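Visitor: Provided herewith is a single structure, encoded as structure tokens, for subsequent inquiry.
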């Protein structure tokens, strides 16, 4: 352990000068630092080996070679003592804790076990990361999926594998590929000590991926290291957020998505760098300086800047042409020994470019300008300088826009026709608007860097970085000044402008996609309205309003078409009343498409006249975005064969209120329409984020695997379309699933898939009991006969039949890997399986935790607080628990208000319709949504449960607002947020 501390410090010391040294010094210093580091580290690796030899004297044959997996002979007494010390020790979070833990291990007479733990992973995982070894030593984890008393995998990986059950689909991977965190779900977090983040990627660069990821996401390095390992092991975001919280420091799903996006960007840059390196090598243009410059690139803009002159088909830069003329030596001489430079000696009258002195001076100037623009220290200085100076982005009306573009399109960008803003204060939606105007050829955009930046940059270059090493004549200094001026204007400024624009666009797109994801999550988690018979109405004028009545179980009871806006309103009212009375339907759901306002007024008038008596009918407005697309999709045709597509949309509208999540997952989330500039952002990023949000929502809500649809099942974490189809086919062939273990029998559902999805599928115990009783009665076999038959079968058959026993824990959010802890916790509090989800269970849990806190209880059960909290939630939540009940329900109404009725100062309640980066649109029931500007949404106005990282509101939330302004000609309403209801 002291060697670990020393190595960490060495790495920390070596990290800083590497970033600060110049580009040219990096070429020679890299190998020297590596050799120095290896020379320091190598003898320290032998320290445990020297300790071990006397300790293992007399038992050399028992222990065997370290690299073999078959070494099972371990000193049990010392092993147990070491495990107890590990479990009772605090979690390794800072370096001080590492020293404490090291001191404890050294004072407990377990040197043999400690030496074995330090040495054993080395030969077994030569290709594994150094950080894995150090992590396992810093904070040992418990091994085994069900037996928490086994030693950590870092101490004895083979013992843990031997004690796993043969049917374990959760932890059956080989130790080399398996992450320690996965093999020890009940263990303590494996935090990486500060400065130890040597995660090796498939494509190696000159920068550390963990460090760069930490800098870009503002997340601690040890958390980034754990996240990278979890993603490398194909873990899904819902699984990590719920069951690996201690490893990610309680980050939420949005943060994880942000980290994964940034990680993917870095990996894409690394792959493109190496692809470009291979191309340049094939052309024979690669040099050591160019190679290091490419390996230093962290962004696509840097890569393009460095590699642009070497692209296929490139004519070559001015500097390259000057080098071909043999002027590179003159440029270096000007910097290294200007007194010996004689430019007249380079004159060749018969060679173009060398015939005159001015041509030679220009060539040297171009070479120096290229060297300056490619130098790492110079670019770092100018970037740092720009961070503290005023840099603005300007947009103006393009000269040719008025001729080629419609005037209405030009008017949309009126705010940006003479626009200027600091790049550090500009809003994300403004960037997206400017980019759209530029793409439509309506706006011209440029980044303006002040002259003060140029003057300070040139002064720094002359006095520091590019100062000649000796006296330079005035004519040579003039060449150097011209080189600096040329490099700044022609090469550096365009690079900076591209970087600024790319950074602003990337941040704006990420923010827009994140806002889309938040809105989608809020919409998907809208509280369902179960147990109601609903009438869905798809409004229309000429083709009529399509009606669909669905049962409380979403079955289609009746479909029809009524013409409410063609002079037949009174006659159609009789038909609607008759349908409502016949099916005892009290709720009407109206889509917000064409003729929505007129249809709403029609139903509101009938309700106010008490026309549907004795029924107390209410109505609500719901978004019908995507309904028409879904109605003609293969999924809709398979679900509702033979039904007219127009009527299918009415069915979809009604189901969106009954169970929003189950209905909205049936089509592409991009069509839901709750985003901002969704067509201008990266479609790949948008699709990945929205699919991840859908997976998160479906997984956290959970699905009953015996009754859910295939479409809903495919969005569970760890599953896809093929696996969902196989599950449905297995269910139809073999009957309902009795417990989660039967999922392992489904074709294509491997260990990793089972691990990821098992905690999110539910098995309703009442449904299973009903099915089993009916199955027993129909088969005519008594329970005694079945028991006699089981006694005659072999052990393998009995083991297979054991999977047919229902497990009450399968209806909870507790993961199968934690069942053993859950059973021990039940025994600890004196509870039984029959009390799961009942008030008695909650009382026993409260009494137990009141006597002994959750941290002490977790330590007693040898698990983490997060795992125990999941178990407590699973045991105490009612069987009908649904996280969506905490979200808002649709707003049911009986009357209507007109836009003309609004007055400034009127206080109203409304429902958030859409959220953007500049404000929130609220439906206040007047047919036109009002806008709450973002400046009025403050933390003080949000309740504690509603406060978020972005201080934003999502679709479906109810708010109380005050009317600030009403612009009737433009149909615009300005609102102020009073509070969130």
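Taken together, the values in this text are just the output of simple stated rules run on the coordinates, not laboratory data. Not measured: the values here are computed from a predicted model. All Cβ positions, glycine included, derive from the backbone under ideal geometry; neighbour counts span all protein chains shown.
Visitor: Which whole-number percent is the relative contact order of the stretch 806-891 (Cα, under 8 Å, 6+ apart)?
Guide: Once divided by the residue count of the stretch 806-891, the mean separation gives 39 percent.
Visitor: From the P(r) of the stretch 390-449, can you give the percent of Cα pairs sitting at distances over 19 Å?
Guide: So the portion of pairs separated by more than 19 Å is 24 percent.
Visitor: State, as an integer percentage, the relative contact order of the stretch 534-732 based on alpha-carbon contacts under 8 Å between residues 6 or more apart. Present the calculation step by step, with values, prior to reporting the outcome.
Guide: Values: 264 pairs, mean separation 37.1, N = 199.
The value is 19 percent.
Visitor: Hey, any idea what the orientation-averaged projected area of the convex hull of the stretch 347-488's Cα atoms comes to, in nm²?
Guide: Computed as one quarter of the Cα hull surface, the answer is 12.5 nm².
Visitor: Further question: Under 11 Å from a label point 7 Å along Cα→Cβ of residue 558: give me every residue in the stretch 584-611 with its amide N that close.
Guide: Taking a point 7 Å out along Cα→Cβ of residue 558, the residues of the stretch 584-611 whose backbone N falls under 11 Å are 584-585.
Visitor: Counting pairs of Cα atoms in the stretch 639-679, how many percent are more than 15 Å apart?
Guide: Value for the stretch 639-679: 51 percent of Cα pairs lie more than 15 Å apart.
Visitor: Let me ask something else. FRET efficiency for residue 281 and residue 415, Cβ-Cβ distance as r, R0 = 51 Å, nearest 0.05? Walk me through the intermediate numbers first.
Guide: Working: r = 50 Å, r/R0 = 0.98.
With a Förster radius of 51 Å, E is 0.55.
Visitor: Report the equivalent ellipsoid semi-axes for the stretch 191-314 in whole Å, largest first, defined as the square roots of five times the eigenvalues of the gyration tensor built from alpha carbon atoms.
Guide: Equivalent ellipsoid semi-axes, largest first: 33, 14, 11 Å.
Visitor: While we're here: Extension gain residue 733-residue 581, at 0.36 nm per residue separation less the Cα-Cα distance, in nm?
Guide: On the way: separation 152, 0.36 × 152 = 54.72 nm, distance 4.06 nm.
Working it through step by step, the gained length comes to 50.7 nm.
Visitor: Treat the count of other C-beta atoms within 10 Å as a stand-in for reagent exposure and order 598, 695, 852 from fewest to most.
Guide: The most exposed by this proxy come first: 852, 598, 695.
Visitor: Give me Rg over Rh for the stretch 534-732, both radii from the alpha carbons and Rh done the Kirkwood way, two decimal places.
Guide: Over the Cα atoms of the stretch 534-732, Rg/Rh equals 1.01.
Visitor: Give the Kirkwood hydrodynamic radius (Å, one decimal) of the stretch 453-601, defined as one over the mean of 1/r across all pairs of different Cα atoms.
Guide: It works out to 22.2 Å.
Visitor: Would you mind computing Rg(Cα) / (2.2 N^0.38 Å) for the stretch 530-643, counting N as its residues?
Guide: 1.04
Visitor: Could you calculate the FRET efficiency of residue 464 with residue 408 from 1/(1 + (r/R0)^6), where r is the beta carbon distance between them and R0 is 45 Å, rounded to 0.05?
Guide: Values: r = 55 Å, r/R0 = 1.22.
After rounding to 0.05, the efficiency reads 0.25.
Visitor: Kindly provide the Kirkwood hydrodynamic radius of the stretch 899-980 in Å, to one decimal, from all pairs of distinct alpha carbon atoms.
Guide: Numbers: mean 1/r = 0.0795 Å⁻¹.
It is 12.6 Å.
Visitor: In whole Å, what is the distance between the alpha-carbon centres of the stretch 623-682 and the stretch 334-386?
Guide: Cα centroid to Cα centroid, the span is 64 Å.
Visitor: Let me ask you something else. Measure of size requested: the Rg and Dmax of the stretch 521-595, with Cα atoms as the atom set and Å as the unit; please supply both.
Guide: Radius of gyration, then largest Cα-Cα span, for the stretch 521-595: 13.5, 42 Å.
Visitor: Convex hull over the Cα atoms of the stretch 690-743, averaged projected area in nm²? It would help to have the intermediate numbers written out before the result.
Guide: On the way: hull surface 14.2 nm².
Computing the convex hull of the Cα atoms and averaging its projections yields 3.6 nm².
Visitor: I need the fraction of alpha carbon pairs in the stretch 320-423 separated by more than 18 Å, rounded to a whole percent.
Guide: Considering the stretch 320-423, 67 percent of its Cα-Cα pairs are separated by more than 18 Å.
Visitor: Now, a different point. Can you list, bin by bin at 10 Å, the percent of alpha carbon pairs in the stretch 806-891, starting at 0?
Guide: Values per bin, smallest distances first: 17, 51, 24, 7, 1.
Visitor: Which whole-number percent gives the relative contact order of the stretch 375-505, counting Cα pairs below 8 Å spaced six or more residues apart?
Guide: Once normalised by length, the contact order is 32 percent.
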